[in-house]
Amino acid sequence: MPWKNDQVSEFETSKILELAKDCLKIDGDYVELGCYRGDTSLLLADMVKSSGKRLWIYDSFEGLPEKTLEDDSVLGRDFQKGVLNVTKREVKERFLRAGLPVPIIKKAWFAELKEVDLPEKIALAFLDGDLYESIRDSLKLVENKMVPGGVIMVHDYNNSALPGVARAVNEWLKGKNPMIQRCQSMITIML
Ligand SMILES: C[S@@+](CC[C@H](N)C(=O)[O-])C[C@H]1O[C@@H](n2cnc3c(N)ncnc32)[C@H](O)[C@@H]1O
């Protein structure tokens, strides 16, 4: 990785890339909800560049939204509204500088996104919105678009500073029985 990603560990990144490589074999595009500066997006863009797949990335580009009660944690005091703020233009320029195809970049709060804002078929979804409502809304957006064999990876599932992530995932998993893998703070749901 030619740049330092302080949001996702190297081990998690290698897991994401391993799964992203496997998903090249199946139908559907890749999405990342919560792209921030695009560190992981750049790697995914490189992976899909000659595959015929497209990468779609989403962010408020205004940083985190307000927390809800589900996110309450003494350890998570740094994750306040507006933190992790970067502009869409900065992210776009990083792809251009890296000589990579610019993905479809959408600036929106996840709760405002509609079905048409996402690809018709999703092979791989990386959800990294940090907070309860962000993950709940992301799961809702991708769930009916995932192809058989597709994967949903949710970052910070095992992060006591961000307890809302596990809450949202566990609620979503109720009554479902997919294969699950854990890797550091990340949970992978195989469909
Ligand atoms: C931890 S960062 C993402 C890091 C990135 N995935 C990476 O691998 O480098 C979380 C991002 O999610 C965005 N975000 C969180 N909740 C959101 C929401 N409800 N709507 C839109 N963006 C959101 C924040 O703006 C922030 O940029």
Highest mean first, what order results for 14-25, 118-129 on Cβ atoms within 10 Å?
118-129, 14-25
Distance cut-off 26 Å, Cα to Cα: go down the list LYS25/LYS107; LYS88/LYS176; LYS53/LYS81; LYS81/LYS140; LYS81/LYS145 and report the pairs above it.
LYS25/LYS107; LYS88/LYS176; LYS53/LYS81; LYS81/LYS145
Here the percent of antiparallel bridges among DSSP beta bridges lying wholly in the stretch 35-191, to the nearest 5, is 50
Quick one: compute the contact order of the stretch 133-191, relative version, from alpha carbon pairs under 8 angstrom and 6+ residues apart, as a percent.
43
First select every other residue whose beta carbon is under 13 angstrom from the beta carbon of LYS81; then total the charges, Lys and Arg +1, Asp and Glu -1.
-4
Report, in whole Å, the centroid distance computed from the Cα atoms of the stretch 106-134 and the stretch 29-86.
10
What is the set of long-range amide H partners of ILE105 at a cut-off below 5 Å, with H atoms built 1.01 Å from backbone N?
ILE57
Where does the charge balance sit around HIS155 when Lys and Arg score +1, Asp and Glu -1, over other residues with C-beta under 11 Å from its C-beta?
-4
Neighbourhood charge, 15 Å Cβ-Cβ cut-off, centred on LEU96 and excluding it, Lys, Arg +1 and Asp, Glu -1
+4
Within 10 Å, count the other beta carbons around each residue, average over each peptide in 31-41, 132-142, 68-78, and list them highest first.
31-41, 132-142, 68-78
Could you tell me the relative contact order of the chain? Use alpha-carbon pairs under 8 Å, at least six residues apart, and round to a whole percent.
24
What Kirkwood hydrodynamic radius, in Å, does the stretch 55-191 give when the mean of 1/r is taken over all pairs of distinct Cα atoms and then inverted?
15.7
Given only helices, namely DSSP H runs of n ≥ 4 each adding -39500 (n - 2.57), what is the per-residue ellipticity at 222 nm of the chain, to the nearest 500 deg cm²/dmol?
-9000 deg cm²/dmol
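Since every read-out is calculated from the coordinates, none of them should be taken as a lab result. The structure displayed is predicted, hence computed values, not measured ones. As a convention, Cβ positions derive from the backbone with ideal geometry for all residues, glycine included, and neighbour counts pool all protein chains shown.
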